[in-house]
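First the structure, in the form of structure tokens, and then the observations on it.
The values are calculated or read from the model by the stated rules, or taken from the named source; none is laboratory data. Just so we're clear, the structure is a prediction, and the values are computed from it rather than from any experiment. Positions of Cβ are generated from backbone atoms using ideal geometry, with glycine treated the same way; all protein chains shown enter the neighbour counts. In case anyone asks, the SASA skips ligands and DNA or RNA and just uses the protein heavy atoms, side chains included. Shrake-Rupley method; radii C 1.70, N 1.55, O 1.52, S 1.80 Å.
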Amino acid sequence: MEAKPRLLTILDGVTVVMLIIATGMVFFYAPVEAVMGLVQKVFYFHVAAGWVGMLSFLVAAGAGIAYLWKGNRKWDVVGMASVELGLVFAFINVVTGSIWARPIWNAWWTWDPRLTTATIMLLIYAAYLMLRSGIEDPDRRARFGAIYAILGFLSVPLTFLSARLFRGIHPVVIGSNQPGAEGQFDMTALMLQTFLFSLLTFTIIFIDLLWHRIRLGRLQDRIEQMKLELNL
Amino acid sequence: MIVENLFTLVNSIHLGTLLNIHRLQEGPAQTANYMVAGYAVIFGVMGLYLVSMAVRKKNLGRDLETLQEIKKQAG
């Protein structure tokens, strides 16, 4: 097994410290929202998880383009790692959104454009993992993964813009809300600082986890190659 | 008499509603349970993912050792 790079160990430490600070800011620094109460605190990590989910799918699409261009399997490892991470964060985003919605919208779920497109995006990438695992030939699998990640990425801007383009009840953070949006609030300076720090923290978590997952993918690839060499 | 009673009743309901509104406006909604549930999901899912990565790494390490052993014996 490859030795763990020193920089990755440092990044692990930075990630943990940043997560502790971000959590502390959410609970002890940001004020309690006047109407929604404590559930509004879910917002900081809910949006950050959504951002990282979309960033992961962007990285996967970029890796897909790089694979089709260069044909190097390392890009397939990056794409696969990124999709897996994107699914984890997109799942957190959808579930925490549902928990926030219960007291605010009085419903766990509603087929609002943002919720619908986010679910479709999640399912598209869940299908990526399932379909990929059914292909045995590594090169064919990598080609399929690359094309799927590029096409699947179409669902990401659609999800991002859905709350702005279509009339729904999901509030937007950046830009103006639709008239029917429910649950929006005015961010105070302390809330904004906490929000931006949470976004940064989740981005660092993503980089750290992606690095770990790529290392795992490389190891997986190496074992697969050895099995082929040994005719196992 | 009946009208007077009805008037008192309606007034009391209205007053109750007003009191309720006043009570709601005193402070934010009581949503602490939902916040706890939200953060349990966030840290729970991230924790599970970390565990899954650690388990996979351990298993792959074991596979690699076995394959290296086989390769050594074969070569």
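Values computed for the structure shown
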quantity	calculated
Solvent-accessible area buried by A and B, counting both chains, probe 1.4 angstrom, square angstrom	3200
Loop-located chymotrypsin sites (Phe, Trp or Tyr not before Pro) in the stretch A:104-175, at most 12 other Cβ atoms within 10 Å (DSSP)	A:TRP108, A:TRP111
C-alpha long axis of helix A:74-105 to longest principal axis of chain A, angle in °	20
Cβ neighbours within 10 Å from other chains - mean over A:95-107	4
Principal-axis tilt of helix A:113-133 within chain A, Cα atoms, nearest 10 degrees	20
Relative contact order, percent, chain A [alpha-carbon distance under 8 Å, six or more residues apart]	29
For the protein assembly as shown: rounded, prolate or oblate by the Cα gyration tensor [a/c cutoff 1.5]	prolate
Whether the stretch A:76-174 is rounded, prolate or oblate, judged on the alpha carbon gyration tensor where a/c under 1.5 counts as rounded	prolate
Cα long-axis angle, helix A:138-152 against chain A (0 to 90 degrees, to the nearest 10)	20
Part-to-part distance (alpha-carbon centres) for the stretch A:1-17 and the stretch A:78-98, which is given in Å	22
Anchor A:LYS41: aspartates and glutamates whose Cα lies under 17 Å away (excluding residues fewer than 8 positions away in-chain)	A:GLU33, A:GLU182, A:ASP186
Gyration tensor (alpha-carbon) shape descriptor, the stretch A:1-116, a/c threshold 1.5	oblate
Long-range HN-HN contacts of A:GLY37 with modeled amide H, under 5 Å	B:ALA29
Qualifying chymotrypsin sites (Phe, Trp or Tyr not before Pro) in the stretch A:185-232, DSSP loop, other Cβ atoms within 10 Å at most 16	A:PHE185
Average beta-carbon neighbours from other chains, 10 Å sphere, peptide A:215-222	3
Number of partner chain Cβ atoms within 10 Å, mean per residue of B:53-63	3
Apportionment of accessible area to carbon and sulfur, the protein assembly as shown, percent (1.4 Å)	68
Cross-link reach list, lysines versus B:LYS57, counting only Cα pairs under 30 Å and skipping chain neighbours closer than eight places	A:LYS4, A:LYS70, A:LYS74, A:LYS227, B:LYS71, B:LYS72
Accessible area expressed per residue, the protein assembly as shown, with surrounding protein chains retained (probe 1.4 Å, Å²)	56
